[in-house]
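Note sheet for the following structure.
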Amino acid sequence: MELRIDTFKSYQTAYLKSIESPQLFWSEIASAFEWFAPHQQTFNGSMEEGNIRWFDGGKLNITINALDRHLESKGNDPAIIWEPNDPDDLNETISYKQLHQRVCAFGSALRSCGIEKGDRVILYMPMTPELAIAVLACARIGAVHSVVFAGFSAQALADRIQDAQAKMVITADESRRGGKTIPLKSVVDAALTSCPSIEKVIVQRVTGSACPMESERDIWMHEFLAASKDSNCPPEIMEAEDPLFILYTSGSTGKPKGVVHTTGGYMVYTAYSFANVFQYEPGDIYWCTADIGWITGHSYIIYGPLLNGATTLMFEGIPTYPDASRFWAVCEKYRVNQFYTAPTAIRSLMASGRKCVEKHDLSALKVLGTVGEPINEEAWHWYNEVVGKSNCPIVDTWWQTETGGIMISGLGNLSPTKPAHAGLPLPGIDPVLLDPEGNEITQPNIEGLLCIRSPWPSMIRTTYGDHERCLSTYFRPFPGYYFTGDGARKDELGMIRVIGRVDDVINVSGHRFGTAEIESAINQSEMAVESAVVGFDHEIKGQGIHAFVITEEPIPLHDQGAARARIIDSVEREIGKIARPDRIQFVAALPKTRSGKIMRRILRKVANGDFDGFGDTSTLLDPSVVESIVNNAKSLWFATN
């Protein structure tokens, strides 16, 4: 069966069928893949109870569909093109045949090292081809991979290892990012002082810098691969509902939650969504600029493209190294056809001007995409006019770690587009807007809570080791629906505009952090007695982090810079630089209700410089706290007039 829809009328037909006959629709999509045994039941379970199962009875291995089935027709075609951090370094093109060989060799080595089906393997790696190969090798042998973004701190890494009870870590001596090198192995060593479950650490040599190795535990990757005598690696037969990976994401509590995705449903949906959103055609060069440490890299650098036999470009560097034209230079170098990046990157590159773009030939571009956060209209128009020359549709994709794949988006050049609107739902996705009481909002242009009414194959199955947390976060707020945590509006044509988070989560450059997680890190500093964190509108990152911090003693103004630095150090130590607050405001008290709950809506208004009324404050224990915080904020960041 052909996965790709080729007209808007075909989309409308497919969408109607997917809503009226979802079991038949998804069963037909699943038939496009190779299975060891077909499924007996397309879907069973209940959204209301949060027990979801797709393609029960089906047996498969996702790497058969991502690699083996392409070997005869596409064996010599490029599967991965790797562009290194430094443009003067050698790039690498890996064919499907070569990728298959390298994945099998790595999988065989994992088995030789004692890794078995169901074991958890942590990958804390740079954006080198070996990261993609290690991910696929885990999937080949049925090990559950958990990629941790290689910018997280030792403590954040340790938290994830401990929660997963992982058996192995795969890492590198260092990573290269722009003009910096980051000592990954030393971060791993620090994390493992509190992680007794780890038996082996595999270390890729990237920079060749001196790297301490623990003889009984640590193995260089080249020696690990050489020690395996057998490069043949028969794929593990997996049940459709066997876990494929755990990916940790921040929530509204201080503990990261491990989102679990399963093999069959994730495979079917990511392949289907990739084919349709990007309208990929044979011979195209597709580039997603994300890091594989995030869900975007899982679904749309590795699995989605390879399941479609596509050529996927993998980039080690950053958009501004060695200068702000790097993205466009890479697009020109490889004649990129589909380009997928974050609004944060677009906004930062806008500041560098049009010349950085216009000096490069971008005529091969056919589809532009955005991911991670809503794109503002100014950035949308710049992307459309300067990068796309008004000839490339923009697919403004909305989805989440928990959804596994893109849920709301245009489909290449088939669908209508509207600035700052994600657009229409993909076939099989049934979004609704609810009011706080759970009533569906049917009138257009009224903001509501974005929920999904019907199950889809790649949806979250559980949070690792804590299903109760999964239920309370996603399925219990509005029984019978999946609650996204986002607010949205729908226009007269059904085009959806996602407004942003409505829960205690901040979206920084497309990456979500729970306020409690950042507050916990701040409170680890000896400076802080209590803290509250909110997001504020940031012209580059979408949302910045504003921290209100209470200290034991008032800090004189001339000492506040040093105090802020110590708090930032604490956040970087506990989470990583990506979560460091943009602003730290020292306050004497926080606006709390009589029951002790922080009134965050007041703090959000203050952080955004909005001092024109705070609504009903009658439940505050001490309303004068608000005036004190406002006056302090005005003196620090905002004009007083």
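The values are calculated or read from the model by the stated rules, or taken from the named source; none is laboratory data. Please read all numbers here as calculations on a predicted model, not as lab measurements. Every residue, glycine among them, receives a Cβ derived from its backbone with ideal geometry; neighbour counts consider all protein chains shown.
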(request) Kindly provide the set of residues from region 366-390 that are more than 23 Å from Gly487 (Cα to Cα) and either charged (D, E, K, R) or touching a Lys or Arg at 6+ places or on another chain (Cβ under 8 Å) (or both), ordered by number. (result) Lys366, Glu385, Val386, Lys389
(message) Being at positive phi, modelled with pLDDT under 90, assigned by TED's automatic domain parsing to the domain that holds Glu526 and touching a strand residue (DSSP E or B) at 6+ places or on another chain (Cβ under 9 Å) narrows it down to one residue among Gly542, Gly615; which is it?
(response) Gly542
(request) Name the one entry in Thr403, Thr397, Thr462 that is in contact (Cβ under 8 Å) with a residue 24 or more places away in the chain, out of contact with any Gly (no Cβ under 9 Å at 6 or more places or on another chain) and surrounded by 18 or more Cβ atoms within 10 Å (Cβ to Cβ). (result) Thr403
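Going through region 465-475 one residue at a time, which ones are touching a residue at least 60 places away in the same chain (Cβ under 8 Å) and not aliphatic (A, V, I, L, M)? Reasoning before the result, please.
Keep residues of region 465-475 that are touching a residue at least 60 places away in the same chain (Cβ under 8 Å), which gives 465-467, 469-471, 473-475.
Scanning region 465-475 gives Gly465, Asp466, His467, Arg469, Cys470, Thr473, Tyr474, Phe475.
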(request) Go through (1) modelled with pLDDT of 95 or more; (2) over 16 Å from Gly114 (Cα atoms) one by one and return the number of the condition Ser197 breaks. (result) (2)
(request) Working only within region 339-358, note down all residues that are in contact (Cβ under 8 Å) with a residue 40 or more places away in the chain and either surrounded by fewer than 20 Cβ atoms within 10 Å (Cβ to Cβ) or among the acidic types (Asp, Glu) (or both). (result) Ser348, Ala351
(message) Suppose we keep only residues that are within 16 Å of Ser197 (Cα to Cα) and not hydrophobic (A, V, I, L, M, F, W, C) within region 139-157. Which one would you say is surrounded by the most Cβ atoms within 10 Å (Cβ to Cβ)?
(response) Ser146
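When region 413-423 is examined, which residues are found to be of a type in the set (Gly, Ala, Ser) and surrounded by fewer than 23 Cβ atoms within 10 Å (Cβ to Cβ)? Step through it out loud before you land on a result.
Initial filter on region 413-423 (of a type in the set (Gly, Ala, Ser)): 415, 420, 422-423.
Selection gives Ser415, Ala420.
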(message) What pairs come out if I take residues in region 361-374 that are free of Cβ contacts under 8 Å to residues at least 12 places away in the same chain and pair them with residues that are surrounded by 23 or more Cβ atoms within 10 Å (Cβ to Cβ) and of a type in the set (S, T, N, Q) whose C-beta lies under 9 Å away, six or more apart or interchain?
(response) none
(request) Could you pull out every one of the helices (runs of 4 or more DSSP H) wholly within region 21-86 that has 2 or more residues that are buried (at least 20 other Cβ atoms within 10 Å of the Cβ), at pLDDT 95 or above and in contact with a helix residue (DSSP H, G or I) (Cβ under 9 Å, 6 or more places away or on another chain)? (result) 22-30, 62-66
(request) Assess whether Ile496 counts as being over 30 Å from Ala240 (Cα atoms), crowded, with 21+ Cβ neighbours inside 10 Å and of a type in the set (Val, Ile, Thr). (result) yes
(message) For Val529, only one of the following conditions fails: (1) closer than 24 Å to Asp610 by Cα; (2) out of contact with any helix residue (DSSP H, G or I) (no Cβ under 7 Å at 6 or more places or on another chain); (3) assigned to a strand (DSSP E or B). What is its number?
(response) (1)
(message) I'd like to check which strands (runs of 3 or more DSSP E) are fully inside region 158-239 and have at least 3 residues that are on the phi < 0 side of the Ramachandran plot and surrounded by 21 or more Cβ atoms within 10 Å (Cβ to Cβ).
(response) 168-172, 200-204
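Looking only at strands (runs of 3 or more DSSP E) that fall completely inside region 240-338, which ones have 1 or more residues that are over 19 Å from the mean Cα position of the chain (by Cα) and either closer than 28 Å to Arg177 by Cα or touching a residue at least 12 places away in the same chain (Cβ under 8 Å) (or both)? Working first, answer last.
Working: elements: 243-249, 257-262, 285-288, 311-315.
Filter on region 240-338 gives 285-288, 311-315.
Considering each residue of region 308-327, count those that are touching a His at 6+ places or on another chain (Cβ under 6 Å) and crowded, with 22+ Cβ neighbours inside 10 Å, and give that number.
Residues in region 308-327 being touching a His at 6+ places or on another chain (Cβ under 6 Å) and crowded, with 22+ Cβ neighbours inside 10 Å: 0 in total.
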(request) Name, by its number, the condition in (1) of a type in the set (A, V, I, L, M); (2) surrounded by fewer than 20 Cβ atoms within 10 Å (Cβ to Cβ); (3) outside any loop (DSSP other than H, G, I, E, B) that does not hold for Ala589. (result) (3)
